[in-house]
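Trainee: Please find one structure pasted underneath; my questions will follow.
What follows draws every value from the coordinates through simple rules; no lab data is involved. These figures come from a predicted structure and were not determined experimentally. Using ideal geometry, Cβ is built from the backbone for each residue, glycine included, and neighbour counts are taken over all protein chains shown.
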Amino acid sequence: MTQTPASDTPVDPSTTDVVSIKNLSVSFSTDRGAVKAVDDVTLSVRPGEVLAIVGESGSGKTVTAKTILGLLPETATTRGAVVLRSKDGSKSNDVISLSKKQLREVRGADVSMVFQEPSTALNPVYKVGWQIAEGIRAHSNVSKKEARERAIEILGRVGIPEPETRVDYYPHQFSGGQKQRIIIAMALVLDPGLIVADEPTTALDVTVQAEILDLLRRCRDDFGTAIVLITHNMGVVADLADRVAVMYQGKLIEEAETTKLFAHPEQDYTRALLAAVPRIGQGLSQTRARTAERDAEWQAKTPLVSARDLRIEFPGRMGRGGFVAVDGISFDIREGEVLGLVGESGSGKTTTGRAIAGLNRVTGGSLTVLGQEMNGVKERAFTRVRKDIGFVFQDPASSFNPLLTVAECVAEPLVIHKRAADAQDARARVDELLEAVQLPRAYGDRYPHELSGGQRQRASLARGIALDPRLLIADEPTSALDVSVQARVLELFAELQKEFGFACLFISHDLAVVDLLADRIAVLYKGKLVEEGTGLEVLGSPKDPYTQRLLASLPVPDPVEQAQRREALRALVS
């Protein structure tokens, strides 16, 4: 192991790298032997610079980032050096050689981390102000009152409204975007020289994502903080990064300034990553092809799903009034048609999908699903319909039973609806389904945790179509996938839809993905349907201001164009 001892010799902080990674290699011990996750990587980050590390799952980007904070598990063997310098340049440390006590002193003060999922990073039983103050008091000798004042100040600087009041709120009282702002506040409160942001916008809506990217940009400009950005979203890279490092199978294969890399990528893998990013307008040819294949009487047929003034209200508690999640929307889904449902969190997308699946109660208007009226429906009456509806969840890792094999998970609908006596009896059908979603039959004997994210989502698709449904509800099925994996899953989805001919409600906050798959797009905002039409109509010439803002918030994988779009969005919001 190469070690660089800590140094107290002052250096010029404006010219010295905040972090310098030299010949870093990381291996993990497993039952099957050592697995090399990072292979001889050399990188550096300058003060006030945003370095994006990109690559698909398993490329080693997150392992590289976690090494900077000394967050690797005990099964990791590390070689090389990770030299981290303080913001003022007064000291430097080789993170790899530090003890646990020394690492605690470095974390927060010299380097902080913004995690992908703020809900798991925040402690649900403590107020957010207490959690921010805890970090302050761990690194400095200040009173509780002073720590609280600094917590209020930093909450205000990251855009939390009424910070004096909300400092005493619990995490569940904030939206997803606000929780991510709180995590960024916790990272900034000790004024570190470097922030490591690991997929900070993956699960966020495009409008909230734009706000978080703008906040990270202000962190760089106002605080002078350098940022290591880990992401698979090339639009986010184009929007925020100054320089890009591309990793593949643990190796650093390309590094360049952002504008140069997007304009002239040198490696085939980099070109493939950029090509895999869906763009607005790509779905026009597919939509026209599907339309041309339909007979003249298709439009006149009775829709599989028909909503008229649909209203879904959740009852209030403790004497409070109810919450209207869906407020008087009307739409149709015809046989073999894909309707894309878009909007930010809280718009009513998932609530609508769950109502169609019989999982949410309709409280007003009319909703007809496969000939069954859902307003006032009894479970016994809906049972005969349920077998004709498939569901693909956003996170297959949490929707699969971890104690069952993949084959047993896929066989569940067949067993429940008595198409097979048990999972073993259904195995022949399961093998067909796995092959249909391009997974080897042998993968059926694995457990869900033994599959990658993309493979689990394919297995989830197989389970969704197990009963040959007439209608499929897909709720954010690709939001957490790498762009290359997402591209393959979307291609597979289009092929399956063409082969099996099911109608689909495709719920997503990614407009480019919806444009690629959907025949028509419906835009929801605060429970109301504000716009509906073909992709060309809704995305080509949006009429509603909310749709315009959604479209402007979507980052594109082109740094020059994205800079123009960012200014246009600011003008639109103002």
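Trainee: May I ask for the angle, rounded to the nearest 10°, between helix 427-436 and the longest principal axis of the chain, with both axes built from Cα atoms and the value confined to 0 to 90°?
Mentor: Here the helix axis deviates by roughly 70 degrees.
Trainee: For the stretch 363-373, take each phi angle, set θ = phi - 60°, evaluate the Karplus expression 6.51 cos²θ - 1.76 cosθ + 1.60, and give the result in whole Hz per residue in order, putting x for glycine and proline.
Mentor: 10, x, x, 10, 9, 9, 10, 6, x, 9, 6
Trainee: Viscosity 0.692 mPa s, temperature 37 °C: Stokes-Einstein D of the stretch 118-183 from its Kirkwood Cα radius, in µm² per second?
Mentor: Rounded to a whole number, D works out at 280 µm²/s.
Trainee: Counting only DSSP beta bridges with both residues in the chain, tell me the antiparallel percent, nearest 5.
Mentor: The answer is about 55 percent antiparallel.
Trainee: Additional query: Sort VAL237, VAL82 by Cβ crowding within 10 Å, fewest neighbours at the top.
Mentor: Starting with the residue having the fewest Cβ neighbours, the order is VAL82, VAL237.
Trainee: Let me ask another. List HIS449, HIS417 from most exposed to least, where exposure is judged by having the fewest other Cβ atoms within 10 Å.
Mentor: By the 10 Å Cβ count, ascending: HIS449, HIS417.
Trainee: Show which aspartates and glutamates lie in cross-link reach of LYS22 when reach means a straight Cα distance below 18 angstrom and same-chain residues fewer than eight apart are skipped.
Mentor: Hits, sequence-local ones excluded: ASP39, ASP40, ASP94, GLU254, GLU255.
Trainee: Moving to a separate point now. Rounded, prolate or oblate for the stretch 213-342? Axes are the square roots of the Cα gyration tensor eigenvalues, ordered a ≥ b ≥ c, and the cut-off for rounded is a/c under 1.5.
Mentor: Here the stretch 213-342 falls in the oblate category.
Trainee: Something else: Which distance in nm do the two modelled labels at LYS260 and ASN401 give, with both placed 7 Å along the Cα-to-Cβ direction?
Mentor: Between LYS260 and ASN401, the label points sit 5.6 nm apart.
Trainee: For LYS378, LYS144, LYS349, LYS251, what ranking results if the residue with the fewest other Cβ atoms within 10 Å of its Cβ goes first?
Mentor: Ordered by Cβ neighbours within 10 Å, fewest first: LYS378, LYS144, LYS251, LYS349.
Trainee: May I ask for log10 I(q)/I(0) of the chain at q = 0.08, 0.11, 0.12 Å⁻¹, from a Debye sum over the Cα atoms as equal point scatterers with solvent left out?
Mentor: -0.61, -1.12, -1.29
Trainee: So which of LYS66/LYS87; LYS301/LYS498; LYS301/LYS378; LYS387/LYS418 end up more than 22 Å apart by C-alpha?
Mentor: Checking Cα-Cα distances, LYS301/LYS378 exceed 22 Å.
Trainee: LYS260: which aspartates and glutamates have alpha carbons under 12 Å from its alpha carbon, excluding same-chain residues fewer than 8 sequence positions away?
Mentor: Partners within reach: ASP242, ASP558.
Trainee: For the residue pair THR165 and PHE323, what label-to-label distance in nm results when each label sits 7 Å from Cα along the Cα-to-beta-carbon direction?
Mentor: 1.8 nm
Trainee: Could you go through the stretch 127-138 in sequence order and give the Karplus-derived ³J(HN,Hα) for each residue, using 6.51 cos²θ - 1.76 cosθ + 1.60 with θ = phi - 60°, rounded to whole Hz, and x for Gly and Pro?
Mentor: Using θ = phi - 60°, the values come out as 5, 5, x, 5, 5, 5, 5, 4, x, 5, 6, 6 Hz.
Trainee: Right, something else. What would the Debye formula give as log10 I(q)/I(0) at q = 0.10, 0.13 Å⁻¹ for the alpha-carbon point model of the stretch 284-415, no solvent?
Mentor: Relative scattering, expressed as log10 I(q)/I(0), comes to -0.44, -0.73.
Trainee: Report the one residue of LEU481, VAL573, PHE502 whose Cα lies farthest in the direction of the positive end of the charge dipole of the stretch 464-573 (charges on C-beta: Lys and Arg +1, Asp and Glu -1; origin at the Cα centre).
Mentor: After comparing all options, I get VAL573.
Trainee: What do you get for the angle between helix 453-464 and the principal long axis of the chain? Use alpha-carbon atoms, 0 to 90 degrees, nearest ten.
Mentor: Orientation of helix 453-464: about 10 degrees from the principal axis.
Trainee: Sticking with this structure for a sec: Would you mind checking LYS101/LYS144; LYS61/LYS127; LYS179/LYS528; LYS127/LYS528 for any pair whose Cα atoms are more than 29 angstrom apart?
Mentor: Table pairs above 29 Å Cα-Cα are LYS61/LYS127; LYS127/LYS528.
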